[in-house]
1. Would a scan of the stretch 29-51 turn up a residue that is of a type in the set (Gly, Ala, Ser) and either under 27 Å from Ala146 (Cα atoms) or in contact with a Lys or Arg (Cβ under 7 Å, 6 or more places away or on another chain) (or both)?
2. So which residues in the stretch 92-103 are in contact with a helix residue (DSSP H, G or I) (Cβ under 8 Å, 6 or more places away or on another chain) and assigned to a helix (DSSP H, G or I)?
3. Just name the residue that is nearest to Ala143 (Cα to Cα) out of those in the stretch 35-64 that are part of a loop (DSSP other than H, G, I, E, B) and modelled with pLDDT under 80.
4. Which of the residues belonging to the stretch 104-125 are surrounded by 15 or more Cβ atoms within 10 Å (Cβ to Cβ) and not in a helix (DSSP H, G or I)?
5. Identify the residue in the stretch 1-34 that is among the hydroxyl-bearing types (Ser, Thr, Tyr) and surrounded by 10 or more Cβ atoms within 10 Å (Cβ to Cβ) and, among all such residues, is modelled with the highest pLDDT.
6. With respect to Arg89, determine if the residue is in a helix (DSSP H, G or I) and charged (D, E, K, R).
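The values are calculated or read from the model by the stated rules, or taken from the named source; none is laboratory data. Please read these numbers as outputs of a predicted model, since none were measured by experiment. Cβ placement follows ideal geometry from the backbone for every residue including glycine, while neighbour counts extend to all protein chains displayed.
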Amino acid sequence: MRWTACMLVLILTACGQNMVQQPRYDVYESAEFFPHDMAMQAPPPGTVARDTPHRLAAAERPQITRALLERGRERFEIYCSVCHGEDGRGHGPVVERGFPQPPSYLEPRLVAAPASHFYQVITNGYGVMYSYADRVPPSDRWAIAAYIRALQNAGSTADDR
């Protein structure tokens, strides 16, 4: 009984505080507590924005090497081939089960697209494809984009025969 009464007192005292209307400062409001009497402060030296490493990785396109292409092939087979197929023509196993067919990488618009287009599609998604940013790190996105270019080169050569 005492435990219940104690809990009731604690709950009722918490209800008196208005959690919606808490004290705060607006962006350009003056505040005596902070230096320069301004609520808005510059970030401390050395502060890095949350998405800066991803932006840096997106800007730093790696050099195309055999190791990068092998990594791209491996990652492509894990993440992409189920929809796009092993050859990149859009005939993966899930398409055979009724999922919408993705475009072939041999379409002229995709052959003409820069490698950064594939990087951005992996990062942000496009159409029915959702983002793979939480599954594929930026370096692997570039590797996949390089492998897609290799598939396009191999496919266009095979089509020309």
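1. no
2. The answer is Pro93, Val94, Val95.
3. Glu60
4. Result: Ser104, Tyr105, Leu106, Ala113.
5. Here the answer is Ser30.
6. It is false that Arg89 is in a helix (DSSP H, G or I) and charged (D, E, K, R).
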